[in-house]
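Here the structure comes first, spelled out in structure tokens, and everything after it is commentary.
The values are calculated or read from the model by the stated rules, or taken from the named source; none is laboratory data. Note that the structure is a prediction, hence the values are computed from the model and not measured. Heads up, the Cβs are rebuilt from the backbone with ideal geometry, glycines too, and the neighbour counts pull from every protein chain shown.
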Amino acid sequence: MIKLTEREKLLLKIAGGIFAVFIVYAFIITPLIYMKDKTGNIYSTNSDRLKRLDNIHEEYANVLERNKRIEVMLKDTQSPSAMIENVASEFNIQNNKVYNRDSQAKIQNKYTKITSDVKFEGVDIRSVLMFVNRIENTDRITHISYLRIAQAFKERRNYDVTLKIDTYRLD
């Protein structure tokens, strides 16, 4: 057997300690640090995914609510002509109405599109603009597809207005 001096024994103990520290660092501390970073990344990734999922769920709920409102609007059975007359009388332009014609068309065998051609002669522009605003913002699905405003020949402050109002109804 080899006899070692005290100095050699001390150097071997120091080398063994350094080797033990290296082993502990390489096989225990480094994997723990890696696992902690990986866990943090997984947590942040999962929290981002959860936020996106919450946003998607919120959008889905909004779409369902909007679809229910649209279904209620489409089931309204009031005639578009009656709605136009009510709004026109509200803004005192009912007496200036020249004509109001309705025509129907089927859309996808499920919906009915009713186009109302309306003409007013000699009306105040403010009343017409409030009429258009009220028609566009009713509790029905309405759309003004055509609007023509021409200055009346009779008076300078009065205008002739021609409108095409589209309304939709569920059959």
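Out of the residues in the stretch 139-155 meeting the condition of being of a type outside the set (Gly, Ala, Ser) and over 19 Å from TYR111 (Cα atoms), tell me which one is surrounded by the most Cβ atoms within 10 Å (Cβ to Cβ). Restricting to residues being of a type outside the set (Gly, Ala, Ser) and over 19 Å from TYR111 (Cα atoms), the top hit is ILE149. Only one of (1) part of a strand (DSSP E or B); (2) under 16 Å from VAL87 (Cα atoms); (3) hydrophobic (A, V, I, L, M, F, W, C) fails for ILE149. Which number is that? Of (1) part of a strand (DSSP E or B); (2) under 16 Å from VAL87 (Cα atoms); (3) hydrophobic (A, V, I, L, M, F, W, C), only one is false for ILE149: (2).
Table: residues versus (1) under 30 Å from LEU163 (Cβ atoms); (2) assigned by TED's automatic domain parsing to the domain that holds ASN158; (3) more than 17 Å from the chain's Cα centre (by Cα).
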site: VAL21; (1), (2), (3): no, no, yes
site: PHE27; (1), (2), (3): no, no, yes
site: MET35; (1), (2), (3): no, no, yes
site: ILE42; (1), (2), (3): no, no, yes
site: ILE56; (1), (2), (3): no, no, no
site: ASN67; (1), (2), (3): yes, no, no
site: GLN94; (1), (2), (3): yes, yes, yes
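Scan the stretch 124-142 and give yes if some residue there is of a type outside the set (A, V, I, L, M, F, W, C) and in a strand (DSSP E or B), otherwise no. The answer is yes; a qualifying residue exists. Annotation: of all residues in the stretch 59-89 being among the charged types (D, E, K, R) and in a loop (DSSP other than H, G, I, E, B), the one that is nearest to TYR111 (Cα to Cα) is LYS75.
Looking at the structure I just gave you, is TYR159 in a strand (DSSP E or B), of a type in the set (Phe, Trp, Tyr) and closer than 27 Å to LYS75 by Cβ? It is false that TYR159 is in a strand (DSSP E or B), of a type in the set (Phe, Trp, Tyr) and closer than 27 Å to LYS75 by Cβ. Criterion applied to LYS113, LYS119 was being modelled with pLDDT under 90 and surrounded by 14 or more Cβ atoms within 10 Å (Cβ to Cβ), and the one residue passing it is LYS113. For ALA15, only one of the following conditions fails: (1) over 30 Å from ARG101 (Cα atoms); (2) in contact (Cβ under 8 Å) with a residue 40 or more places away in the chain; (3) of a type in the set (A, V, I, L, M, F, W, C). What is its number? Result: ALA15 fails condition (2) only.
In the stretch 81-92, the residues that are within 24 Å of LYS113 (Cα to Cα) reach residues that are of a type in the set (Lys, Arg) and surrounded by fewer than 18 Cβ atoms within 10 Å (Cβ to Cβ) with C-beta atoms within less than 7 angstrom, at least six apart or across chains, in these pairs: MET83/ARG140; VAL87/ARG134; ALA88/LYS97. Taking the stated definitions as given, is ASP76 surrounded by 12 or more Cβ atoms within 10 Å (Cβ to Cβ) and of a type in the set (D, E, K, R)? So ASP76 passes the test.
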